[in-house]
Structure formats: structure tokens, C-alpha cells
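See structure below.
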Amino acid sequence: MSAEAVHAESFIRRYLFSTDHKTIGKQYLLTAFFMGLFAVGWSILIRIQLAWPHANLPLLSRLFPGLYQDGVLLPERYLSLVTMHGTVMVFFVISFALVSGFGNFIIPLHIGARDMAYPVLNMLSYWTAVPACILMIASFFVPDGAAAAGWTAYPPLSALPQAVPGSGWGQTLWLLGMALFIASFTMGSLNFVTTILNLRTKGMSMFRMPLTVWTLFISSVLGILAFPALTAAAIMLLLDRHGGTSFFLPSGLVVGGQVLEHSGGTPLLFQHLFWFLGHPEVYILVLPAIGIAFDVVAVFGRRPVFGYRTSIWALLVIGVLSMIVWGHHMFTSGMNPYLGEYFSVATVAITVPFAVLGMNLIASLWRAEIRLHPAMLFALAMIAAIGLGGLGGLWLGTASSDMYLHDSYFVVGHFHFMIGVVTAFGIFAGTYYWFPKMFGRMIDQRLGKIHFWATSVGVFFAFIAMHFLGLGGVLRRTYDPTAYEYTASVTWLNLPISIALFLAAAAQVVFLVNFFWSMFRGQKAEANPWEAATLEWTTPSPAPHLNWRELPSVFRGPYEYRTDGRAAGYRSQVVPDEPPAEVRA
Amino acid sequence: MTTVAMGSSETAAPVAHWQGGVSPFAVSWQKLMMWIFLVTDALLFAGFLASYGFVRLASPAWPEQNEVFPMLKIAAMTFVLITSSATMATAVGAAHRRDLKRAMVFVALTALGGLLFLLAQATEWATLIAEGARLTHNPWGPAPFAAFFFMITGFHGSHVLIGVILLTVVALRLWRGRATGMGVEVAGLYWHFVDVVWCFIFPLFYLL
């Protein structure tokens with residue numbers, strides 16, 4: 001009986017309720033793409049509204065009767081679109097793909113484990129995430145529409161069902177969906193941390209792990225430490241909404257001419273709890289993307305990563321600092337200026353470890369023999385995005401300049417660079433890089449390059465331009481950008497921004513076609529098509545059940561590449577050191 | 001140095017080069033995972049308690065706890081719960097020595113302590129509700145006072161309840177001779193955690 005027959009499992013066991021980390025990783029990745037279709041779709045509707053705020057759109061009205069009325073996007077639905085675009089992108093696309101998707105797929109393969117520490121918990125994690133997705137999508141179909149209080153769900157807007165149409169059932173479903181997401185993410189993080197600490201193969205010390213694993217490790221730890229604060233906030237918000245409590249509601253609130261009975265609470269508490277998660281969440285998403293960039297840059301540049309250990313220390317410092325800077329999202333909330341000063345200084349201090357990471361990425365290219373594969377292109381463009389996003393971050397992290405820029409399009413442009421472009425490019429780089437290992441076939445490079453250039457031109461133009469909108473005073477979440485005369489000198493930018501983003505969105509169609517076509521029709525992949533040194537390339541493509549026939553032993557670091565002017569050489573992590581001369585003799 | 005073929009079967013490298021593979025804390029993954037879970041759970045309670053502190057500091061006045069809670073009863077509850085940690089530790093020790101019968105008796109005693117605590121908690125809730133405490137308001141002070149009380153003690157109580165169920169299962173498994181020392185220890189970790197959380201709730205909510 002062949003090994004295939006031994007592992008012959010039913011379709012359901014193999015593809016639906018699988019406990020194999022690789023299948024779960026792919027499930028997360030595909031779910032992320034599926035949710036991405038919604039999130040990108042919503043952003044297209046947002047951009048249509050901003051580019052042509054006064055147009056009559058009977059076709060969209062017919063397609064989405066709940067969102068449009070007489071060819072006009074309803075303002076309250078616009079707020080729902082903005083809210084859900086943010087929520088779904090952050091938690092259900094980027095987090096799914098980068099942390100849960102690549103994390104599940106690559107951690108055991110990178111550290112030489114057969115599976116996660118607790119595979120059943122891993123499966124449970126995915127199947128907790130699925131109902132969370134369903135709740136989020138379903139919230140568009142309840143009376144009064146999806147949540148409309150912004151992805152930050154600030155009370156009192158989110159706490160009072162009568163405050164805004166989306167604060168009814170939509171907000172409740174949003175909270176329940178987030179609760180399930182947090183449960184799922186926590187289960188995943190428990191597995192990641194335990195697996196990385198306890199299941200490394202012989203010879204795989206912490207300082208021989210690829211940087212992708214390091215970043216996923218730090219992300220998981222941050223998730224474990226930060227998400228409980230949001231859980232607490234979500235529970236209290238649910239109680240405020242449905243239990244009549246006043247955790248976040250001060251006395252004297254008036255809605256619709258009626259004074260509410262709530263008293264004694266403070267909405268500021270929610271902001272603290274939310275951003276105690278919210279800020280580390282940015283790093284939870286950005287760090288794995290940077291980790292992937294390091295791996296990709298080393299493989300396609302044929303050079304060892306510059307400053308491997310300093311990168312790890314920088315990552316650890318970023319992890320610590322990310323937990324103590326949440327207040328920089330609240331400079332305008334009326335906090336004590338001394339506290340704001342502290343949060344400013346701590347925030348700007350993050351620049352130092354981040355610059356170390358960026359410089360190490362750039363220095364890794366020194367004397368490199370760059371192979372411009374799509375994965376490499378995305379990794380290189382990501383370095384640019386880190387730089388641009390980081391520069392904007394300096395303006396926003398400094399309290400005095402943030403006072404002016406807060407809640408403006410400058411913020412929108414900034415965070416779309418950091419948790420939009422950096423993370424999305426991380427997802428793409430990882431997908432192009434690991435595609436052969438995932439599906440046993442090569443992904444088409446030409447389509448990949450089209451995808452890269454169209455995406456890059458679109459997003460870099462659009463998000464740089466948004467910074468100028470913000471400097472001109474345009475506020476985020478504005479339904480009608482022409483409403484204020486004083487912004488007229490910059491709002492013309494909305495049309496080119498929309499067109500640039502439509503181009504980027506169209507590029508994703510190319511990507512998806514390429515992805516699915518290559519999955520079934522691509523050229524068969526060898527075990528190690530990139531001549532990469534890390535462990536996942538020592539097993540056939542696609543990686544078999546339980547990953548290796550015999551677990552590999554590790555003898556060296558992950559980045560032993562070398563260009564000596566003649567040939568690109570590398571040593572896989574499993575290659576033993578050459579024995580001393582006397583042994584050989 | 002040029003490309004080295006993969007899987008080249010040269011002489012195996014000296015073992016002295018082996019650096020990893022040993023878990024840094026020398027614990028099983030089950031125990032490690034429970035520890036990490038307890039960290040996140042502890043932070044959930046920390047979130048609640050910090051919120052409580054935030055709202056209390058922002059409130060102009062706060063009720064005198066002595067006048068609201070029967071402190072002697074709360075102290076007795078605390079005593080019972082902390083004692084149950086001692087019986088739990090005895091059970092873990094016995095289970096590691098494979099003295100399963102003794103372990104079972106002490107796990108059952110621990111569960112009994114948890115049940116007593118829950119019973120006292122339930123009567124305390126009933127008394128306060130009879131005196132007019134609600135999620136929305138209360139007769140003693142700012143509305144969030146009772147809301148925080150019900151939420152924090154409710155969450156802690158549900159943790160105790162889960163612990164009692166867990167311990168019952170462990171006791172049954174010990175009775176059938178199927179529980180391992182590590183299984184008892186992991187359940188014990190959870191139980192000690194529930195205790196430690198109370199050690200924060202008790203002073204922060206009832207005493208300060």
C-alpha cells in the first residue's frame with residue numbers, strides 16, 4: 001500500500017475539517033482573499049462617492065438597493081462602508097492572510113516541526129473565524145445596516161442603538177463578530193508561541209530561526225498581551241448596549257431631544273482600552289510583512305540578511321514599545337499635556353528600531369545579485385512604503401503636529417501605507433514566494449509583474465496624495481468632500497486618487513486569475529525552485545502530510561547565501577559542517 | 001564556497017554543534033500553553049480592573065464598601081478559596097507520586113471548596129439584588145459601581161464554575177485511574193490562577 005493510500009482521507013477531513021497546519025494556513029489565506037473581495041468592493045463604492053459626490057448612479061442603485069436610494073449613496077450607509085472596510089481589512093484580510101495564513105503554513109515548516117503543538121485547537125481556531133466572517137458580512141443585511149461608528153467603534157456612537165442607523169443590530173453583530181475573531185486569534189497565537197518555543201527540531205535554536213518566524217512569534221505574543229483589553233472593552237460595550245450599564249456613557253447625553261438615563265461612565269475609557277489593543281495590532285500586522293520581506297530579500301538577493309541579530313533585537317524593542325504608546329491616538333481627546341508629551345516621546349522612539357529594520361533591509365541588498373521575481377519586487381517596494389509610512393508617522397506621533405492633522409486624510413494616507421501597503425505587499429511577496437510550496441506549482445511571473453506595477457503605481461500615488469488632502473484640511477470619513485469651501489484647493493485630488501485606486505483594484509483581478517490559474521495549470525514546481533536555504537525547501541513541493549519523512553536537523557543559520565562574483569552559492573540549514581581534516585582522513 | 005547539494009550524505013556533524021531543540025522552560029507544550037492562556041486571561045481581568053479603577057477615579061464619589069458588603073462573609077469566602085489552593089497543591093503532589101486515590105480525594109475537596117465559594121457568591125448577589133442593586137443603577141452611589149461589581153465578580157465566578165467542572169472531570173479520571181500527573185497539574189495551574197485573580201479582586205474592589 002502506498003503512502004498516498006494510508007493518508008487517504010475523506011474530502012471533508014482533508015479540506016474542510018483538516019488539522020494539518022498547511023491546509024489550515026491555505027484556508028485562512030483563501031478566506032482572506034474572499035473577505036478581501038468585499039473589503040475592496042466597499043472601498044470602490046467609497047471612492048466612487050468621493051470622486052463624483054453629486055453623480056446620479058442608477059446602475060449602482062439597482063445593484064445595491066440597500067445602500068443607494070434614487071441613484072445616491074445614503075450618507076449613513078457611507079459610514080457603514082467606511083467602518084466595515086476598515087474592520088474587515090484589518091482583522092479579516094490582513095490578519096487572516098499574514099498572521100493566521102502564513103503563520104500556520106510556514107511556522108512548522110520553518111522550524112522543522114510536523115505540525116502545530118495542538119492541531120485540533122488550530123482547526124477550532126479556523127472554524128471560529130468562519131462564523132466571525134459570516135457575522136460581519138451578515139451585518140449588511142440587518143435592518144438599519146452594518147456598523148457605522150468607524151472601525152474604532154467609539155462610544156457613545158457605538159453604545160447607543162438610537163445614535164445612528166448602523167448602531168442598531170449592525171453594531172451588535174460587529175461586536176459579536178469581533179469577539180469570535182479575538183477567540184480565534186487567541187487560539188492561533190497560543191499555538192504559534194507554544195510551537196515556536198517547544199517544537200523546534202534538533203539544532204534549530206532561536207537564533208537560527210528565519211526572521212519570518214521571529215516576527216510571527218513577536219506578533220503572537222503581542223496579540224496575547226493586547227487583545228484581552230479589546231475583549232474587556234467589547235464585553236463592556238455589549239453590556240452598555242444591551243444590559244443598560246453606563247461604563248462608557250456619561251450623564252446628560254441627549255439623543256433625539258431626549259435625555260438618557262445613563263450616568264457615571266466615561267467614553268475615554270473605551271478609547272484607552274481600544275488603543276491598548278489598536279496600536280500593538282498595527283505591529284501585529286506590520287511585523288510579519290517585514291519578516292517575509294527579510295526572507296525574500298535574502299533569497300532573491302543571494303546575500304545573507306544584514307544584521308540578523310540586530311534585527312531581532314530591534315523587533316523585540318518594537319514589541320515592547322508598541323505596548324506603551326497607545327495614547328498617541330488620543331492627543332486630541334483632552335488628555336493631560338504631560339501625558340501627551342510622554343506618548344510623543346515614546347512614539348518617536350519607535351523610529352529608532354524601525355530605522356534599524358529598514359536599514360538592515362536596504363543593507364542586505366549591498367552587492368546583491370538581485371533576481372527581480374514578483375516576490376522580490378513586492379519586498380523592495382515594501383521598503384519604500386515603510387519609509388513613507390514611517391515619515392508620516394513622525395508627524396502624527398508628535399502631539400503638536402497631530403493636533404492639526406488628527407482625523408484628517410493625512411492619517412488615512414499614513415495608515416494605508418503602514419497597514420495597507422506594507423502588509424498587502426507582505427501578503428503578495430509571501431504568496432509569490434511560497435506558492436510552489438503551497439500548491440506544488442509555479443505562479444506565473446509575467447502576470448505577477450503586471451500585478452506588481454499596477455498595484456504599486458496605484459497605491460503609492462493614491463496614498464501619497466491623501467497626505468496632501470489632509471494637509472489641506474480634508475477630514476476623514478467625509479461623505480461629501482465638496483461640503484467645505486476651504487478645502488476646495490485640494491479636493492480635486494479625489495478624482496485622480498480614485499482612478500489610481502481603481503487601477504490597483506483591477507490589478508488584484510490579475511492576481512486572483514494568476515493565483516487560481518497557476519494553482520491548477522501552473523508549471524510543476526521542484527522542491528527548491530529558488531535555491532533557498534531554509535527548511536521548508538528541503539521537502540517536496542507541495543509539502544507532504546507531516547512535512548518530512550524524517551525530521552531534518554539544523555546546523556546553521558537561515559541565510560547562508562554568498563555571491564563571490566562567479567556563482568551564487570548557498571548552504572541549506574540542513575547541510576552539516578564539514579568535518580575536521582583528521583576525521584576526513 | 002559554491003552550491004552544496006542538498007542531503008549530501010557526508011559524515012554527520014559533531015553533536016557539539018547542536019544548539020536547539022530543548023524547550024527553554026523545560027516544560028511540556030500542554031503546560032506551556034496553559035501558562036500562556038493564563039497570561040491572556042489574566043490580562044482580561046486586568047482590563048476589567050483597570051477600567052474599574054479608571055471609572056472610579058473619574059467619579060466624584062464612591063460608596064463605602066463596608067456599608068455595602070458583609071465583609072466577614074467575604075473574608076470567609078476568600079479563606080475557603082485560598083485553602084482550596086492548598087488542597088489542590090496536595091492533589092498535584094499525590095498525582096505525581098502516582099497516589100491516585102489520595103489525589104482524587106484532594107481534587108474533590110478542592111472542587112468542594114470552589115462550590116462553597118460559588119454558593120456564598122450566589123447568596124451575596126441575591127442579597128445585593130434584593131437591596132436594589134442593578135446593572136443600571138444602585139442605591140449606594142454611581143451607576144458603574146454595581147455594574148462593575150456584577151461584571152467582575154460574575155466573570156470571576158464563571159471562571160470558578162468552569163474550574164469546578166474541570167476538577168470534577170479530573171477527579172472522575174483519577175477515580176478510573178486514567179489521569180496523569182501532568183493533567184492534574186495543568187488543571188491545578190488553572191485553579192491557582194482563579195485564586196490569584198481573586199487575590200486582586202478582593203483588595204481592589206472590597207478593601208481599597
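So the values come out like this:
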{"quantity": "Long-range HN-HN contacts of residue A:441 with modeled amide H, under 5 Å", "calculated": "A:525"}
{"quantity": "GNM top mover of B:156, B:192, B:96 - chain B, alpha-carbon springs below 10 Å", "calculated": "B:96"}
{"quantity": "Additional length obtainable on full extension of the chain from residue B:199 to residue B:169, 0.36 nm per residue less Cα span", "calculated": "8.3 nm"}
{"quantity": "Region A:1-95 shape via C-alpha gyration tensor axes, a/c threshold 1.5", "calculated": "prolate"}
{"quantity": "Extension gain, residue A:69 back to residue A:14 (0.36 nm per residue minus Cα-Cα distance, nm)", "calculated": "15.3 nm"}
{"quantity": "Choice from B:39, B:105, B:170 showing the highest fluctuation, given a GNM over chain B with Cα pairs closer than 10 Å", "calculated": "B:39"}
{"quantity": "Between region A:11-50 and region A:55-69, the Cα center-to-center distance that results, in Å", "calculated": "26"}
{"quantity": "Along principal axes, Cα extents of region A:238-382, largest first, whole Å", "calculated": "69, 33, 21"}
{"quantity": "Summed side-chain charge close to residue A:172 - residues other than residue A:172 whose Cβ falls under 15 Å, Lys, Arg +1, Asp, Glu -1", "calculated": "-1"}
{"quantity": "Modelled FRET efficiency - R0 41 Å, residue A:482 with residue B:62, Cβ distances, 0.05 increments", "calculated": "0.25"}
{"quantity": "Average beta-carbon neighbours from other chains, 10 Å sphere, peptide A:117-125", "calculated": "1"}
{"quantity": "Selection from A:161, B:79, B:193, by position along the positive dipole direction of the protein assembly as shown (Cβ)", "calculated": "B:193"}
{"quantity": "Approximate spin-label separation residue A:517-residue A:76, in nm, with each point projected 7 Å along Cα-to-Cβ", "calculated": "4.5"}
{"quantity": "At least 30 Å² accessible surface lost relative to isolated chain, residues of region A:169-216 (1.4 Å probe)", "calculated": "A:190, A:194, A:197, A:198, A:200, A:202, A:203, A:205, A:208"}
{"quantity": "Size of the A/B contact, given as accessible area buried on both chains, probe 1.4 Å, in Å²", "calculated": "4200"}
{"quantity": "For chain A: relative contact order, % (alpha-carbon pairs under 8 angstrom, 6 or more apart)", "calculated": "15"}
{"quantity": "³J(HN,Hα) computed for each position of region A:400-417 - Karplus, 6.51 cos²θ - 1.76 cosθ + 1.60, integer Hz, glycine/proline x", "calculated": "5, 7, 5, 3, 7, 8, 3, 6, 9, 5, 4, 5, 4, x, 4, 6, 5, 5"}
{"quantity": "Global size of region A:86-230 as Cα Rg and Dmax, reported in angstrom", "calculated": "17.6, 60"}
{"quantity": "Alpha-carbon gyration tensor eigenvalues x 5, square-rooted, for region A:198-251, Å", "calculated": "42, 10, 6"}
{"quantity": "Column: log10 I(q)/I(0), Debye, Cα scatterers of region B:97-198, q = 0.10, 0.18 Å⁻¹", "calculated": "-0.37, -0.82"}
{"quantity": "Average accessible surface area per residue within region A:166-236, 1.4 Å rolling probe, Å²", "calculated": "17"}
{"quantity": "Solvent-free Debye scattering, log10 I(q)/I(0), computed from the Cα coordinates of region A:112-173 at q = 0.15, 0.21, 0.30 Å⁻¹", "calculated": "-0.55, -0.76, -1.13"}
{"quantity": "Whole-Å semi-axes of the ellipsoid equivalent to chain B (Cα gyration tensor, √5λ, descending)", "calculated": "44, 26, 12"}
{"quantity": "Per-q log10 I(q)/I(0), region A:357-423, q = 0.24, 0.26, 0.29 Å⁻¹ (Debye; single scatterer per alpha-carbon; no solvent)", "calculated": "-0.99, -1.08, -1.22"}
{"quantity": "Anchor residue B:73: aspartates and glutamates whose Cα lies under 18 Å away (excluding residues fewer than 8 positions away in-chain)", "calculated": "B:64, B:124, B:131, B:195"}
{"quantity": "Ratio of Rg to Rh over region B:88-151 (Cα coordinates, Kirkwood Rh, two decimals)", "calculated": "1.33"}
{"quantity": "For chain A, size of Cβ-based charge dipole, Lys and Arg +1, Asp and Glu -1, in debye", "calculated": "1420"}
{"quantity": "FRET efficiency, 1/(1 + (r/R0)^6) with R0 60 Å, evaluated for residue A:261 and residue A:313 via beta carbons", "calculated": "0.70"}
{"quantity": "Region A:455-493 and region A:370-422: distance between their alpha carbon centers, rounded to Å", "calculated": "16"}
{"quantity": "Histogram of C-alpha separations across region A:445-585, 5 Å bin width, %", "calculated": "2, 8, 11, 10, 10, 10, 10, 9, 7, 7, 7, 5, 2, 1, 1, 0, 0, 0"}
{"quantity": "Cross-link reach list, lysines versus residue A:524, counting only Cα pairs under 29 Å and skipping chain neighbours closer than eight places", "calculated": "A:22, A:26, A:437, A:449"}
{"quantity": "Ratio of the Cα radius of gyration of the protein assembly as shown to 2.2 N^0.38 Å, where N counts its residues", "calculated": "1.01"}
{"quantity": "Rg/Rg_ref, region A:267-339, where Rg_ref = 2.2 N^0.38 Å and atoms are Cα", "calculated": "1.48"}
{"quantity": "Rounded FRET efficiency, nearest 0.05, which uses the C-beta distance separating residue A:55 from residue B:39 and R0 of 41 Å", "calculated": "0.20"}
{"quantity": "Region B:147-208 - Kirkwood radius from inverse mean 1/r over Cα pairs (Å)", "calculated": "12.8"}
{"quantity": "For region B:31-96 versus region A:182-224, the gap between their alpha-carbon centres in whole angstrom", "calculated": "30"}
{"quantity": "HN-Hα J in Hz across region A:421-432 - Karplus 6.51, -1.76, 1.60, θ = phi - 60°, x for Gly and Pro", "calculated": "6, 4, 6, 4, 5, x, 4, 5, 4, x, 5, 5"}
{"quantity": "Pair residue A:464, residue A:550: separation of 7 Å Cα→Cβ label points (nm)", "calculated": "5.5"}
{"quantity": "Span per principal axis, largest first, for the Cα atoms of region A:182-319 (Å)", "calculated": "68, 27, 21"}
{"quantity": "Stretchable slack from residue A:37 to residue A:351, in nm (0.36 nm times residue separation minus alpha-carbon distance)", "calculated": "109.7 nm"}
{"quantity": "Per residue solvent-accessible surface (Å²) - region A:1-155, probe of 1.4 Å", "calculated": "38"}
{"quantity": "Where region B:71-139 is the region considered: accessible area per residue in Å², 1.4 Å probe", "calculated": "51"}
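The values are calculated or read from the model by the stated rules, or taken from the named source; none is laboratory data. All figures in this text were calculated on a predicted structure; none of them were measured in a lab. Please note: Cβ atoms are built from the backbone with ideal geometry, for glycine as well, and neighbour counts cover all protein chains shown. Quick note on the areas: whole protein, heavy atoms, side chains included, nothing else; ligands and nucleic acids left out. Shrake-Rupley method; radii C 1.70, N 1.55, O 1.52, S 1.80 Å.
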